[in-house]
1. Which residue is nearest to the ligand (Cβ to nearest atom), if the candidates are limited to region 44-70 and must be open to solvent by less than 30 Å² (accessible area, probe 1.4 Å) and over 27 Å from Met141 (Cβ atoms)?
2. Can you pull out every residue in region 113-149 that is charged (D, E, K, R) and either within 19 Å of Arg19 (Cβ to Cβ) or loosely packed, with under 15 Cβ neighbours inside 10 Å (or both)?
3. Can you spot a residue in region 73-83 that is in a loop (DSSP other than H, G, I, E, B) and open to solvent by less than 80 Å² (accessible area, probe 1.4 Å)?
4. Any residue in region 138-150 that's closer than 14 Å to Glu66 by Cα and within 9 Å of the ligand (Cβ to nearest atom): show its pairings with residues that are open to solvent by less than 60 Å² (accessible area, probe 1.4 Å) and charged (D, E, K, R) at Cβ separation under 6 Å, as long as the two are six or more apart or on different chains.
5. Could you give me the residue pairs with C-beta distances under 8 Å whose first residue belongs to region 92-121 and is free of Cβ contacts under 8 Å to residues at least 24 places away in the same chain and more than 17 Å from Ser58 (Cβ to Cβ), whose second residue is of a type in the set (D, E, K, R) and within 15 Å of the ligand (Cβ to nearest atom) wherever it lies, and which are 6+ apart or on separate chains?
6. Under 8 Å between Cβ atoms, which residue pairs at least 6 apart in sequence (or on different chains) link something in region 52-80 that is closer than 20 Å to Leu146 by Cα and at pLDDT below 95 with a partner that is in a helix (DSSP H, G or I) and more than 13 Å from the ligand (Cβ to nearest atom)?
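The values are calculated or read from the model by the stated rules, or taken from the named source; none is laboratory data. Fair warning: this is a prediction, and the values are worked out from it, not measured in the lab. We place every Cβ from the backbone using ideal geometry, glycine too, and count neighbours over all the protein chains shown. We work out accessible area using only protein heavy atoms, side chains counted, and drop any ligands, DNA or RNA first. Shrake-Rupley method; radii C 1.70, N 1.55, O 1.52, S 1.80 Å.
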Amino acid sequence: MTTRNASQGILADENSETREHIVELLKKAYWMSRETVMSYITNSINPDGVRAQEIIESLQQDIQEELGHATEFAKRIKELYGVVPGSMDFKPEQTYLQPPADQVDIVHVIKGVIEAETGAIEHYNLIIEETEETDPVTNDMVIAILRDEEGHRRLFEGYLREYQAEGKA
Ligand SMILES: [Fe+2]
C-alpha cells in the first residue's frame, strides 16, 4: 500500500521546491506573530495611567488574534509537509516593543505597535504575492490575516494622531 500523493496543486511532488519556499515564509510569519503575542502581553500590563487603559484593552484583544494567526500559520506549515519549529529556533527582533523607561510613556507603546503591525503587513503582502499563482489556500488564509493587521495598524494610527494633535508625539 502506498500513500497517494496529490497530482496537482501545491501538494504535488513536482512542486516540492515551491512548497519548501512557502514553508520558510510561513515560519517567519509564525515567529513574527509569536513574538507579537509576547510583546503585547508585556505592553498590555506595564503601562500606568488613565489613558493607558484604552491601549491595554486594545492590546488584550490583539493578543488573542495574534495567537490565532500563529496557530493558523503553524497548521499551514504542517499541511505543506513542513515541521513547525521549536522554541530554540526563536530569534527576537522587536527591539521597538521593549518596555519604555517610564511606564506612563504610552506613545512609545503605540509607536512600537505600529512598527510591529507594519512589519507584519509587509511580510504578509510578500507571502500573498509569492503564493498568488501557486498556493491559493495559503494565499486566501494570509489575505484574511492581512486584513486583521491592517485593522490593528489603523486603530493605533488613530491613537497616535490624538497624541500628535496635542504635541505629545
Ligand atoms: Fe496585529
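1. Only one residue tops the list, namely Ile55.
2. Correct list: Glu122, Glu129, Glu130, Glu132, Glu133, Asp135, Asp140, Arg147.
3. Going residue by residue through region 73-83, those that are in a loop (DSSP other than H, G, I, E, B) are 80-83.
Next, from what is left, pick out any that are open to solvent by less than 80 Å² (accessible area, probe 1.4 Å): 80, 82.
Checked against the condition, which is being in a loop (DSSP other than H, G, I, E, B) and open to solvent by less than 80 Å² (accessible area, probe 1.4 Å), region 73-83 yields at least one hit.
4. Note: pairs meeting the criteria are Glu149/Glu117.
5. As it stands, the answer is Tyr96/Lys111; Tyr96/Glu115, since those pairs meet every condition given.
6. Qualifying pairs under 8 Å: none.
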